[in-house]
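The values are calculated or read from the model by the stated rules, or taken from the named source; none is laboratory data. Nothing here was measured: the structure is a model prediction, and the numbers come from that model. When we count neighbours, we look across all protein chains shown, and the Cβ atoms used for this are built from the backbone with ideal geometry, even at glycine. Side chains included, ligands, DNA and RNA excluded: accessible areas come from the protein's heavy atoms. Shrake-Rupley method; radii C 1.70, N 1.55, O 1.52, S 1.80 Å.
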Amino acid sequence: MNFSKIPLAEWVDALISWMQTHFGGLFKVISGIIEPIVAFFQGIFSVLPPLGTILLISLLTWWLTRLRIAIFSLIGLLLIDNLGYWDQSIETLSLVLTSAIISIIIGVPFGLWAGRSPTANKIISPILDLMQTMPAFVYLIPAVFFFSLGAVPGVIASVIFSMPPTIRLTSLGLRQVPGELREAADAFGSTSFQKLWKVEIPMAIPTIMAGINQTIMLSLSMVVISAMIGAGGLGALVLQSITRLQVGQGFAGGLAIVIIAVILDRLTQSLARRNKTTLKKRPRWIGIVAALVVIALAVVSFAQTGNESKKRVTLAYVNWDSEVASTHVLKKALESKGFKVEMKQVDAAPMWQGVASGTVDAHVGAWLPHSSKPLYDAAKNQVDDLGVNLKETRVGLVVPKYVTINSIEELNANKDKFHGEIIGIDPGSGLNRYTEQALKKYPLNFKLVSGSDATMTASLTKAIQEKRWIVVTGWTPHWKFQKYELKFLDDPKKVYGSGENIHTIARKGLKEEKPQAYQIIDRFNWTAKDMQEVMMKIHEGMSPDQAAEEWLSKHPDKLKEWTK
């Protein structure tokens, strides 16, 4: 029997579009609540030098828990600072605390309701099942559409993903309170609220705290995943390591996440076991001093953020070597004029969405008129095209020069030599999309293997070392054309177009709000040779910031031209 396909995807898309249209004001209100909370925590953690903040956290940990946990916190946080990941850790911790607080504020009341009402429990349980079994990455999609890029969608996705344990275990803790205690409370004439507040909740506290502990751990894991939509922090470091195949940096970033996870886990577990006797053993002055210091830090952090927004510029980029080079050079040019530049590494579609929504000021990675055309067409009424920043690029299928074919039309005849695979980059990239079209138009009996810029170049490097035939998606400028002898396969059907330029895209209103930054971004332009020089430095092991700074020091005329 043939049944027509249920248009579930279309229904969901229509619902998302309708919610964007009719609930835009609500989403702005939610963003207006979450952003200050995240900024509050970041401000508190960053007012003091790292050592001062670490000592304060360790002292507070000792007062709330045990000495050995405080010692572990001190050593672990000092290690994070030594590795150079203190700023990212502050960002991650701020996101986790914000997500956890919101999850607790929402989750505990729902848990109490489900624990006291069998009907409510029957309604809420299936919803929690759906929330816990849905793949974590799925939550990122509506979060981007409703809240664009940055901390807010990351927090929202984390709250949805991490809240179920708090609700479930709060409900469970209430239902596990012995019936005899409830009967005793009723016998003494307790009201329903008195029974809940003085009998049921105190008895359920250990179970409720176990749920909060799980929520905090899940918040941490989701915050790391949310780096894919620009949430930043240690997650961005790990994501960068994955896409660039930097094993050492990935391990170091993962170790920092583990340290934070252990501190938060031990802290919440100790708080669940803590009693009044334990608290009396701690000097009260420590708690008072810590509270006063936190208040003072909050006041100072708010005072420091007065004019910061006008000197802050947010740039987004896709983790392609070409865009990493150009974005970091532009970053250094802006910083030379006193701007504080925030970088968001995301995929292509969220990058365009971020500029269109206004949460990102600009990006320099619009490959037009072909590769980025669908994304540009969707956002062209919401962004400003500042024109070309690099001319005469090319995209297509690339092979080593020792491969004896010269056209895409010859691929099928040599399928076995290529193992029937074309090595691609990011699944959402324009280059992969055109390669999928090439598979149909020629047609090619090949499989497109998606990955990233780094996995593509790693596969190419290994094949060349072994003198194997390989075909990859490629573009110029790129460092691989400097390091290896490569060639583009002819494209007689012009699937990949005849050539492209890279454009700079800015958000609406940037010119009026930040005219100096706008001028620098608008004037930014360079050549393929310039870009390849920076890309090669990064490939050889130099950090993107160092490579950009070194290039600008050798080309002061360019910096003067952009910033005059």
Does at least one position in segment 517-526 carry a residue that is buried (at least 21 other Cβ atoms within 10 Å of the Cβ), under 24 Å from Asp377 (Cβ atoms) and of a type in the set (D, E, K, R)?
no
When (1) part of a strand (DSSP E or B); (2) under 18 Å from Thr327 (Cβ atoms); (3) among the small types (Gly, Ala, Ser) are applied to Ala517, the one that fails is (1)
Determine if segment 218-235 includes at least one residue that is in contact with a Pro (Cβ under 9 Å, 6 or more places away or on another chain), modelled with pLDDT of 85 or more and part of a helix (DSSP H, G or I).
yes
Quick one: which residue in Leu181, Leu174, Leu140, Leu95 is farther than 30 Å from Gly25 by Cα and in contact (Cβ under 8 Å) with a residue 60 or more places away in the chain?
Leu174
Taking the criterion of being in contact with an Asp or Glu (Cβ under 7 Å, 6 or more places away or on another chain), open to solvent by less than 30 Å² (accessible area, probe 1.4 Å) and over 30 Å from Glu91 (Cβ atoms), would at least one residue in segment 150-158 satisfy it?
no
Determine if segment 428-448 includes at least one residue that is assigned to a loop (DSSP other than H, G, I, E, B) and under 28 Å from Ala356 (Cα atoms).
yes
Name every residue in segment 437-477 that is touching a Leu at 6+ places or on another chain (Cβ under 9 Å), buried (at least 16 other Cβ atoms within 10 Å of the Cβ) and not β-branched (Val, Ile, Thr), in order of residue number.
Ala438, Leu439, Tyr442, Leu444, Phe446, Leu448, Ser452, Ala454, Leu460, Gly474, Trp475, Pro477
Could you tell me which residue of segment 497-508 is modelled with the highest pLDDT, considering only residues that are under 17 Å from Thr473 (Cβ atoms) and open to solvent by less than 10 Å² (accessible area, probe 1.4 Å)?
Ile502
Any chance Leu552 is modelled with pLDDT of 90 or more and either under 28 Å from the mean Cα position of the chain (by Cα) or open to solvent by 60 Å² or more (accessible area, probe 1.4 Å) (or both)
no
Under the condition of being touching a His at 6+ places or on another chain (Cβ under 9 Å) and β-branched (Val, Ile, Thr), which residue from segment 354-397 is surrounded by the fewest Cβ atoms within 10 Å (Cβ to Cβ)?
Val388
Looking only at helices (runs of 4 or more DSSP H) that fall completely inside segment 1-94, which ones have 2 or more residues that are modelled with pLDDT of 90 or more and open to solvent by 80 Å² or more (accessible area, probe 1.4 Å)?
67-83
Sort out which residues of segment 453-505 are polar (S, T, N, Q), without any contact (Cβ under 8 Å) to a residue 40 or more places away in the chain, farther than 17 Å from Asp426 by Cβ and not in a loop (DSSP other than H, G, I, E, B), and write them in order of number.
Thr461, Gln465
Residue under question is Pro427, and the condition is that it be at pLDDT below 90 and under 30 Å from Tyr518 (Cβ atoms); does it hold?
no
Of the listed residues (Ser357, Ser372, Ser322, Ser326), the one being in contact with a strand residue (DSSP E or B) (Cβ under 6 Å, 6 or more places away or on another chain), at pLDDT below 90 and either among the hydroxyl-bearing types (Ser, Thr, Tyr) or under 30 Å from Ser498 (Cα atoms) (or both) is Ser372
Gly230, sole failed condition from (1) touching a residue at least 12 places away in the same chain (Cβ under 8 Å); (2) open to solvent by 10 Å² or more (accessible area, probe 1.4 Å)
(2)
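Out of Lys344, Lys391, Lys340, I need the residue that is assigned by the TED database to the domain that holds Ala458, touching a strand residue (DSSP E or B) at 6+ places or on another chain (Cβ under 9 Å) and free of Cβ contacts under 8 Å to residues at least 40 places away in the same chain. Which one?
That would be Lys340, the only listed residue that is assigned by the TED database to the domain that holds Ala458, touching a strand residue (DSSP E or B) at 6+ places or on another chain (Cβ under 9 Å) and free of Cβ contacts under 8 Å to residues at least 40 places away in the same chain.
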Looking at (1) open to solvent by less than 50 Å² (accessible area, probe 1.4 Å); (2) of a type in the set (Ser, Thr, Tyr); (3) at pLDDT 85 or above, can you tell me which one Ser336 breaks?
(1)
